[in-house]
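Below is one structure, written out as structure tokens, with a few remarks after it.
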Amino acid sequence: MKQQLEQIKNQAIEELKSAADLKAVDDVRVKYLGKKGELTAILKQMGGLSPEERPIVGQLANKIRAEIEETLTETLATLKDKETEQRLAAETLDITMPGKKTAEGGLHPLSIVLDDMIDIFRSMGFDIVDGPEVETDYYNFEALNVPADHPARDMQDTFYLAEGLLLRTQTSAAQIRTMETRKPPIRILCPGRVYRADEVDATHSPVFHQIEGLVVDKGITMCDLKGVLEQFAREIYGPETKVKFRPSFFPFTEPSVEVDVSCSECGGVGCRVCKGSGWIEILGAGMVHPRVLSACGIDPEEYSGFAFGIGLDRITTTRYKISDIRNLFENDLRFLEQF
Amino acid sequence: MKVSLSWLKRYVDINVPVEELCDRMTLAGFEIEECVDLSANMSNVVVGKVVKMERHPDSDHLWICQVDVGDRVEQIVTGAQNVFEGALVPAALHDSHLPNGAHIKKGKLRGVESNGMLCSGEELMLTDADYEGASIYGIMIMNKNETVGADMREVLGLFDWIIDFKITANRPDCQCALGVAKEVAVVLGTKFSEPTTDYKTSGEDINDYIKVSVKDYDLCPRYLGRVVKNVRIGESPEWLKKCVSAAGMRPINNIVDITNFVMLETGQPMHAFDYRDIKNSEIIVRRATDGEMITTLDEKEHTLTSEMLVIADGENPSCLAGIMGGLNSEIKDDTTTIFFEAAKFRRDNVRKTGRALGMRTESSARFERGVDINNVEYAMNRALSLISELDCGDIVDGVIDLNEGLPAPRTLNVKASDICALVGVEVPTEKIVEILNSLHLATTEQNGMLTVSVPSIRDDVEGKADLAEEVMRIYGYDHIIGKPMNSVIMRGKKLPERINADKIKSLLVGKGLYEAVTYSFIGSKALDTLGISENDERRNAVKLLNPLGDEYSVMRTQLVTSMLTVLATNYNRKQPAAAMFEVSKVFVPKQLPVTEQPLEVPQMSIGLYGNDADFFTLKGFVEDILDIFCDGVSYERANENYYHPGRSAVAVKDGKTLAVFGEIHPAVAEKYGLDTKTYVAEIKLGTLYEFSRGPVIFAPLPKFPAIERDFAMLCDASLPVATLESAIRQGAGKLLEKVELFDVYMGEQIEKGKKSVAYRVTLRSKEATLTDEDSAKISKKIINRLESVGAVLRG
């Protein structure tokens, strides 16, 4: 009987080894281990054995069953691996074929650049505020130290809607509204649409966008202004960017400066972009004029502040090398899809 | 302000190259608009003397000239017939460049060597105004006194630069050569010399010649007059003509040139009247009367109003104050006696008059920006000293100087430390004092307190901020070192409206839409194109008083026009599909005509065509946006002329319109050239933002399983599914979790005029697992409700 058992084991293992697929393995299992299987059949004959032999044969039978089962499991695993391998091989793709696109749209380039600026200035503590586009003469001019007979009014051609009512020519109007409603310390950024009666051409648009910044607190100096603008310029134009102040004139700041940044195209050596100067003019700024502070009920002896105005359209066209500002307002999809 | 380098050198030592001058002036606040090297267009042209002339053997018109060019004699062939032996002529040598662009090289003319070219005035782009005799036909014959071999640029004074300084609005004192020269002296640290104002008079009394009165001192705070007799009208000397030309004006005659030169030199406009033409020998400075006429020097006739100031004689206006003289009293070749005027006119009045008459002159430009009341006399004296210098008239004794008092210098007391505190730089006090004094702001210092005397010419200097600027632009802005802001830590916040707009934008971008940005004004006919009725409130739009054109003339009250324009642009450019949005605002006046700021109401639009887009694609976008803010939106048919009547809807919540959207009426789309199905949505963000979902509160996850039941039914094709859905909701009661429409079918197998609709209903209880009995009971209720609205369950 022991011999029989050994034979069964050898046969079973032999058959398992030659099994070609999962079905063959299962056949082996049924043939030897199933209810009507050969091993089961042998065990049924155990009754005819002597009581001494019975436990020995029983033990042997269990051992053989275990061995067969182990081999069966192994074989099964190997076969599964093989099958998986074959399936994967059959599933091979041409990975150079194009990917499936999920259509994503896009923000307008002006929005993309504005969002960047908002991030930069919010990180420096500037609240982002809005102001009305239709302004009164008072907020757009008078409170900004541009009285009716002031020659600075010639600097900008204004669209009027009624006597004393106009489309704002600068976001600076928001300075006044802010200072009237907030107390120092003030730190705000007011992005928005502004209007000037310029005929449309490659560099002029009657509608464009400015970003006005204002800081008012005790002890604010031009060094703070430069520090903030340097931080901004480095974020926008790269960490090596330098900032230069040139004296200028705006009625609502004194001293007033034009702010140049080192040309990011040539690093300041001089190129076509900066017209050989190494510098690009990006914004106007200055210390808030004492009269403007007074007009808003802020004591210029106690507080000081700075303001700056950035042309969003210009920053956008220089960043993307857009040569004609009209592209920004045409909304041709072939243009918009590029950003 | 255009001024030549040589002109500036009349008043100030300039010891640096012109490029450096330009850079340093820029850093002091005088941006350079342009710096033109006058010598750049000519080279290798010298004064030549024709020593011998022979006829060309093979030509009947060419001459072979031997020309002494200083260090040698060159053979040059010319075709001109006005050359003669001994003549001095401009000789362009081999490899020379002429202002007209020609490049002259040696060569052979009919076999005879020619080592250059003799030049005409035209070839050198000269006229008689530049060099006498330059305008004649033929070779330019030069003055006998010229040095043979001299560089023509030297002879013509072309080793010079014209520098155009940009003068900021706060510095009217620098709209003149002297103003610029003073600044140059401070910037370079060199000496400034004021030109002479000495002159001799020749007796008599001005009061015997003329009577002057000022009626309107409010518009003319100072009027100064002098008389010059025995005037000898003639040409101005070269230096004077050159200065006038450098500034971009045309030399005319000595008297007119003097008035122009003095204006360009001192910034004070002057005017000269022909004394003969002053009726009744009387000058009256007064407002014009309405309808009064004047013909100005440019021979244009103007009708005046009582807001315009004129200089009148005893009868008529003789000059538009500060803008232009009258034709009747202009200086003529035979003028013998003149009345000189120097005055200050109020700047806004000059500006308004100029605007109203469409006139802007060198004179009015200066008055508009402001002239110094104390400079008036200096300018007059300067003009008289030029009369003396040019010896072109005899100055009558006596001056008429009408004013209501002249301002004395103002005194400012400012702490030096306040100046430093504003700029954040420790400028040594003695440096501050030195700089201010150099700028003609007489300054003394005691214990850190500055006392600054500000002359009236520096009206712009009012306090510490202005002084800080004056100091820093000379001390140098490069001393300002950027530093982190010296202030409290603050967190930058966004307004809720911006946060909401950002959410909507990123939602739509994620769904494949592109953002458009369009102008806020549209054409006046836009609402007609959309077929919006005459009494619609969107007709109440704010109009621009001075638009660039009709297409930009009205502040928009809706965004459909702009969106259709954007879609049409893309459609015309053959884009097969477009999906776009714009987040902006509309302008709603509180009254018309407007007297106060209109409401600026946030609104947005979506536009689609192509790519199988349909009404429901658009509605999906609208629902997604509304869903950010609220639930429970109902949809009704829209009633807008520019939408397809059967394919447009209004989204309503609590009786408020949140959105109007749909397929654009084909007739309207066609007007925009859109012969494709076009979809537009208008979302009233202002109203939508009033709703908000509030804080999120966690709902416990369900403990018991849900039951799903499908209901397929037949109903009239015209029955809105919203009716069916609400019937289901009512029938299902509070155990309802979800209602989902999953099929709508019309066609074969279905009775005509009917549709098949299928819903999946999910029911769940929070307390227990629902039994089949529960579900059957609810299903029965649902079916009853559905039947009550006209739906029949399909078997």
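The values are calculated or read from the model by the stated rules, or taken from the named source; none is laboratory data. None of these values were measured; they are calculated from a predicted model. Virtual Cβ from ideal backbone geometry, glycine too; neighbours counted across all protein chains shown. The protein model used for the area step is the full one, side chains on, heavy atoms only, and it has no ligands, DNA or RNA in it. Shrake-Rupley method; radii C 1.70, N 1.55, O 1.52, S 1.80 Å.
In the protein assembly as shown, Rg over Rh equals 1.18, where Rg is the alpha-carbon radius of gyration and Rh the Kirkwood radius from pairwise Cα distances. Select from segment B:426-530 those trypsin sites (Lys or Arg not before Pro) which occupy a DSSP coil region and have at most 15 other Cβ atoms within 10 Å, ordered by residue number. Passing sites in segment B:426-530 are B:ARG491, B:LYS493, B:LYS525.
Just counting partner chain Cβ atoms within 10 Å, what average do the residues of peptide A:203-212 show around their Cβ?
Numbers: counts 0, 0, 1, 8, 6, 0, 1, 0, 0, 0.
Mean number of neighbouring Cβ atoms from other chains: 2.
Here, segment A:67-190 has an Rg and a Dmax of 33.7, 108 Å when only alpha carbons are counted.
What is the diffusion coefficient of segment A:1-132 in µm²/s, taking the Kirkwood radius over Cα pairs and the Stokes-Einstein relation at 37 °C with a viscosity of 0.692 mPa s? The calculation lands on 156 µm²/s.
Accessible surface of A:LYS44, taken over heavy atoms with a 1.4 Å probe and every protein chain present, rounds to 150 Å².
Spacing of the modelled spin labels on B:ARG360 and B:ARG709, each 7 Å from Cα toward Cβ, amounts to 8.1 nm.
Which pairs, out of A:LYS218/B:LYS415; A:LYS244/A:LYS275; B:LYS215/B:LYS279; A:LYS183/B:LYS493; B:LYS9/B:LYS191; B:LYS677/B:LYS752, put more than 20 Å between their alpha-carbon atoms? Walk me through the numbers before you get to the answer.
Details: A:LYS218/B:LYS415 17 Å; A:LYS244/A:LYS275 17 Å; B:LYS215/B:LYS279 18 Å; A:LYS183/B:LYS493 16 Å; B:LYS9/B:LYS191 11 Å; B:LYS677/B:LYS752 27 Å.
Table pairs above 20 Å Cα-Cα are B:LYS677/B:LYS752.
Here the Kirkwood formula puts the hydrodynamic radius of segment B:330-407 at 14.7 Å, using every distinct Cα pair. The calculated FRET efficiency for the pair A:ASP157 and B:VAL73, based on their C-beta separation and a Förster distance of 45 Å, comes to about 0.10.
Consider all pairwise Cα distances in segment B:389-497 and report the whole-number % of them above 22 Å.
Values: 3060 of 5886 pairs.
For segment B:389-497, the fraction of Cα-Cα distances above 22 Å is 52 percent.
Simple spin-label estimate for B:ASP401 and A:LYS23 gives 12.6 nm between the two label positions (7 Å along the Cα-to-Cβ direction from each Cα).
If contacts are Cα pairs under 8 angstrom and at least 6 residues apart, what is the relative contact order of segment B:665-795 in percent?
Values: 164 pairs, mean separation 41.5, N = 131.
Rounded, it is 32 percent for segment B:665-795.
When the Kirkwood hydrodynamic radius is evaluated over all pairs of different C-alpha atoms of chain B, what value in angstrom, to one decimal, is obtained? Write out the running numbers ahead of the final one.
Values: mean 1/r = 0.0282 Å⁻¹.
The answer is 35.4 Å.
Where a ≥ b ≥ c are the square roots of the eigenvalues of the C-alpha gyration tensor, would you call segment B:32-98 rounded, which needs a/c under 1.5, or, failing that, prolate if a/b is larger than b/c, or oblate? Prolate, since a/c reaches 1.5 and a/b exceeds b/c. Shown here are the Rg and Dmax of the Cα trace of segment B:301-345, at 11.5, 35 Å. The solvent-accessible area of B:TRP7, taken with every protein chain present and a 1.4 Å probe, is close to 0 Å².
Return the ratio Rg/(2.2 N^0.38 Å) for chain A, where Rg is computed over Cα atoms only. Provide the component values of the computation, followed by the final result.
Working: Rg = 41.5 Å, N = 339, 2.2 N^0.38 = 20.1 Å.
Computed over Cα atoms of chain A, the ratio equals 2.06.
Identify the residues of segment B:1-24 with backbone N under 18 Å of a label point that sits 7 angstrom from the Cα of B:GLU238 along the Cα-to-Cβ direction, or state none. Answer for this model: B:4-10.
So what is the relative contact order for chain B, in percent, with contacts set as C-alpha pairs under 8 Å and at least six apart? Display every interim value, and only then the final one.
On the way: 1538 pairs, mean separation 63.5, N = 795.
Result for chain B is 8 percent.
Taking R0 as 22 Å, what's the FRET efficiency between B:GLU748 and B:ASP774 from their Cβ-Cβ distance, rounded to 0.05?
On the way: r = 38 Å, r/R0 = 1.72.
Plugging the Cβ-Cβ distance into 1/(1 + (r/R0)^6) gives 0.05.
What order do B:VAL601, A:VAL28, B:VAL744 take when sorted by accessible area (1.4 Å probe), most exposed first?
On the way: B:VAL601 45, A:VAL28 10, B:VAL744 70 Å².
From most exposed to least exposed: B:VAL744, B:VAL601, A:VAL28.
Just the C-alpha atoms of segment B:123-206: what Rg/Rh do they give, with Rh taken as the Kirkwood radius? Numbers along the way, then the final one.
Working: Rg = 20.1 Å, Rh = 17.6 Å.
When Rh is taken as the Kirkwood radius, the ratio is 1.14.
Peptide A:325-331 has a mean shielding of 4, counted as Cβ atoms of other protein chains within 10 Å of each residue's Cβ. Compactness check for segment B:241-292: Cα Rg over 2.2 N^0.38 Å is 1.48.
Divide the volume of the convex hull around the Cα atoms of segment B:718-795 by the residue count and you get 90 Å³ per residue. Three principal axis extents of segment A:190-339 based on alpha-carbon atoms, in descending order, are 53, 36, 24 Å. Surface listing: B:ASP60, B:ASP68, A:ASP27 arranged by accessible area from highest to lowest gives B:ASP60, A:ASP27, B:ASP68, probe 1.4 Å.
For peptide B:577-587, what's the mean number of Cβ atoms from other chains within 10 Å of each residue's Cβ? Don't jump to the answer; show the numbers that get you there.
Numbers: counts 2, 4, 3, 5, 2, 2, 2, 1, 4, 0, 5.
Mean inter-chain Cβ contacts per residue within 10 Å come to 3.
Between the helical axis of B:254-266 and the longest alpha-carbon principal axis of chain B there is an angle of about 50 degrees.
Over segment A:148-209, the ratio between the Cα radius of gyration and 2.2 N^0.38 Å evaluates to 1.32.
In this simple spin-label model, placing a label point 7 Å from the Cα along the Cα-to-Cβ direction at both B:SER524 and B:ASN437 gives a separation of 6.5 nm. Residue-wise HN-Hα couplings along segment B:678-684, as the Karplus relation 6.51 cos²θ - 1.76 cosθ + 1.60 with θ = phi - 60° gives them from phi, are 10, 10, 9, 10, 10, 10, 7 Hz; Gly and Pro carry x.
At a 10 angstrom cut-off on C-beta neighbours, averaged per residue, how do the peptides B:74-87, A:48-61 rank from highest to lowest?
B:74-87, A:48-61
Once the gyration tensor of the Cα atoms in segment B:665-739 is diagonalised, the equivalent ellipsoid follows with semi-axes of 38, 25, 12 Å, ordered largest first.
Tell me, what is the FRET efficiency for B:ALA577 and B:TYR635 to the nearest 0.05, using R0 = 22 angstrom and their Cβ-Cβ distance as r? Write down the numbers at each step before the final one.
On the way: r = 25 Å, r/R0 = 1.15.
Working from the Cβ atoms, E equals 0.30.
The C-alpha atoms of segment B:566-713 occupy a region whose extents along the principal axes are 60, 44, 27 Å, arranged from largest to smallest. Peptides B:517-524, A:320-327 ranked from most to least packed by the mean count of surrounding Cβ atoms within 10 Å: B:517-524, A:320-327.
In a DSSP loop and with at most 13 other Cβ atoms within 10 Å, the chymotrypsin sites (Phe, Trp or Tyr not before Pro) in segment B:643-746 are B:PHE698. Considering all C-alpha pairs of segment B:134-292, those separated by over 29 Å amount to 41%. Entry note, the protein assembly as shown: the mean residue ellipticity at 222 nm calculated from DSSP H runs of n ≥ 4, each adding -39500 (n - 2.57), is -9000 deg cm²/dmol after division by the residues and rounding to the nearest 500.
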